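S.K.: Take this structure first; my questions come after.
The values are calculated or read from the model by the stated rules, or taken from the named source; none is laboratory data. Computed from a predicted structure; not experimentally measured. Cβ placement follows ideal geometry from the backbone for every residue including glycine, while neighbour counts extend to all protein chains displayed. The accessibility values were calculated without ligands, DNA or RNA, using every heavy atom of the protein model including side chains. Shrake-Rupley method; radii C 1.70, N 1.55, O 1.52, S 1.80 Å.
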Amino acid sequence: MLSVNREAGFVLGIDLDKNSITFTISDLIGTSVQTEIIELQVSAYDVILDLLIEQIKSYTQRFAPSYYGIVGIAIGIHGIVNKNEMVDYVPQHGWQNKNLKKDLENEIGVKVYIENNANLCSIAEKVYKHHQSSNLLSVSLYSGIGIGFIINGVLFKGYHGYAGEIGHMIVVPNGLPCSCGNLGCWEQYASEMSLFIKLAEKQKDLAFNFEDIQHRIKEHDSAFNEELDQFLYFLSIGLNNLINLYNPEILVVNSEALRLFPDTANKLKTHLSSSISHFSELYISEFGKKACIMGACALALQNFLGVSELCLTLSEESFPHK
């Protein structure tokens, strides 16, 4: 019997979000050994690039004593990444047409992979949880809505690499205005951000957060429950469209907010009762915001090992919840 020497090398997963960057070092069997979060005060590309270079060089030096050192780096981008791994657009930072991959590789000498965060979430679900599924759809609800497809065991990215920008599917004709220029986009009604905005409006524009949600659940707040039912209703409209389009085996909804609500998956299923729409299982992701960084580590590992399929075991210490 053979096993992998888990400490022969390490991969670095990076989640480049709006207000922070998360760095996670994983060993060769997909277990996190170190996580660091750096808060961001700026959006300027050059400043963040320098920060990334500095941090990556620090990690490569720290893990150089292992046999292979850092063997790969994968970065999750909350924006549009094309099939050549160019960053076409990051709305949260205002970036357009940035070759982050080349800029980093020129400085650090380690292979870098750039991927959309929703795609990485789907990779995490496949690699760490739903090993048996060859057709999986992961829907991520945060500031916007993105989806990652695993079709016939392979990540589907579309002709240019833009597949998955489903948040801009129109679900309410002439509805709320969206930053994309259209009216009534799905993410205006069913993203976590949209939920927080509506809840904040109901409490006179005071900030609303996850702690408030937990409090309202315990208090059995009727107005809050009505808002949640409306949120789930609009969420189910988009999910129904996706199911009809792709007929997934596994449908995973990734949302920190929905993880707090009891029996959310079954509540969603009650809205998905069409005799036409078919899927085998619907889950609320166990991973939450960890999914992006988990997928980044898995992607870097898969490329280093040179395997077409990767199945990793998730333990309590693999990716501690932050």
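S.K.: So in the range 231-264, with the set limited to residues that are open to solvent by 20 Å² or more (accessible area, probe 1.4 Å) and aliphatic (A, V, I, L, M), which one is farthest from S285 (Cα to Cα)?
M.R.: L245
S.K.: If P65 meets every condition in (1) part of a loop (DSSP other than H, G, I, E, B); (2) touching a helix residue (DSSP H, G or I) at 6+ places or on another chain (Cβ under 8 Å); (3) open to solvent by 50 Å² or more (accessible area, probe 1.4 Å) apart from one, which number is that one?
M.R.: (2)
S.K.: Would you point out the residue of the range 1-29, among those that are touching a residue at least 24 places away in the same chain (Cβ under 8 Å), surrounded by fewer than 24 Cβ atoms within 10 Å (Cβ to Cβ) and small (G, A, S), that is farthest from V87 (Cα to Cα)?
M.R.: A8
S.K.: I want to confirm something. Restricting to the range 112-132 and keeping residues that are farther than 24 Å from W186 by Cβ and either in contact with a helix residue (DSSP H, G or I) (Cβ under 7 Å, 6 or more places away or on another chain) or at pLDDT 95 or above (or both), which single residue is most open to solvent (accessible area, probe 1.4 Å)?
M.R.: So the residue we want is Y113.
S.K.: How many residues are in contact (Cβ under 8 Å) with a residue 24 or more places away in the chain, part of a strand (DSSP E or B) and not polar (S, T, N, Q) when one looks only at the range 119-159?
M.R.: Adding up the residues that qualify gives 12.
S.K.: For the range 148-193, which residues satisfy the criterion of being among the hydroxyl-bearing types (S, T, Y) and closer than 30 Å to E85 by Cβ?
M.R.: Y159, Y162, S179, S191, listed by residue number.
S.K.: Here are some residues: S277, S315, S285. Which one is at pLDDT 90 or above and either of a type in the set (G, A, S) or at negative phi (or both)?
M.R.: That would be S285, the only listed residue that is at pLDDT 90 or above and either of a type in the set (G, A, S) or at negative phi (or both).
S.K.: Against the definition (of a type outside the set (S, T, N, Q) and in contact with a His (Cβ under 7 Å, 6 or more places away or on another chain)), how does D27 come out, yes or no?
M.R.: no
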